[in-house]
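Data block below; observations after.
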Amino acid sequence: MTRALRVPLLPLGALLIALAVWSTADVQRRAAERGAERVAAAQSQVTAMLDQETGLRGYLLTGDDEFLEPYESGRRRFETADRRMDALLEGHDELEALERRGDVIAHRWQTAARARLGAGRRVPVAEARQRKALMDAFRATNTDLVDRLDTRRVERQRLAALVSAALAFFVLLVVGGAGSWFARRRRAAERRREEREHRYVTTQAEFAARKEQWGEDKQVRWGPTTDAAEVAYVLYQAPALVAVHAAEMLAKTRAGGGP
């Protein structure tokens, strides 16, 4: 295995898993923050409308202009929250349609409220009921919007959690597979090294044995004093002598000018 491949797989896997979890956790966090911001804007809308209703009712009952302050501030806060909501829901057609429906109802109520302020404090029952119906319709639409925003936020967080788990599993699978592949390569390399060492040791042992045998064979001499035991040894070892020393014998024959 090359030096470039000797990377600690466990720390690398832990790092990759940490990055995967961090990235999906960041997605979850941003989804939660975005969802909470949308819910807060929707709740600001309904709070602003209720302040307008409270201020209008107080003024019509008492004639005190002081009650118009929450009405006016509620109207301004509603417009601010409405613009914020339009920006937050951009690109989400279904939620935008629901929010626009709430805007239409709110603007109808505000139109009726301005008309009543210009017409005096005596309020016909039918008109009061109409404004109440509009306010109830706006609150119902706003509640539906908030519920859908919460549902969407939870779904996005659940999806991000699933993606995080899938990424972690994928990283574990890849790192585990790479580790197994590197381990198999290392075991194969070790087996090849052991086989080479075994062959070397065997070769050296055979060489030493042959060298020893060659030394013994050199001591064998033919002569008048050669006894029967030595003759028997020579005859017994003749095949081995030919096999072991054939090359040496041929070389000496050629050097001596033999056939």
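Structure values in brief
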| item | result |
| --- | --- |
| Extreme residue, nearest to Arg76 (Cα to Cα), among residues of the stretch 114-149 that are within 56 Å of the chain's Cα centre (by Cα) and among the aliphatic types (A, V, I, L, M) | Met135 |
| Selected residue [among the acidic types (Asp, Glu), assigned by TED's automatic domain parsing to the domain that holds Ala137, closer than 30 Å to Leu162 by Cα and modelled with pLDDT of 90 or more] from Glu96, Glu33 | Glu96 |
| Evaluation of Arg210 against (1) exposed (fewer than 12 other Cβ atoms within 10 Å of the Cβ); (2) modelled with pLDDT of 65 or more (one fails), failing number | (1) |
| Residue identified as more than 18 Å from Met135 (Cβ to Cβ) and part of a helix (DSSP H, G or I) among Thr80, Thr111, Thr47 | Thr80 |
| Residue that is in a loop (DSSP other than H, G, I, E, B), under 19 Å from Arg38 (Cβ atoms) and at pLDDT 80 or above, where the choices are Gly102, Gly91 | Gly91 |
| Filter result for Ala87 (more than 20 Å from Gly63 (Cα to Cα) and touching a residue at least 40 places away in the same chain (Cβ under 8 Å)) | no |
| Near pairs, Cβ below 9 angstrom, 6+ apart or cross-chain, from the stretch 113-135 (under 16 Å from Thr54 (Cα atoms)) to any residue that is part of a loop (DSSP other than H, G, I, E, B) | Arg116/Val123; Arg121/Gly63; Arg131/Val123 |
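The values are calculated or read from the model by the stated rules, or taken from the named source; none is laboratory data. Everything numeric in this text was worked out from a predicted model, so none of it was measured. A quick note on method: Cβ atoms are made from the backbone with ideal geometry, for glycine too, and the neighbour counts reach across all protein chains shown.
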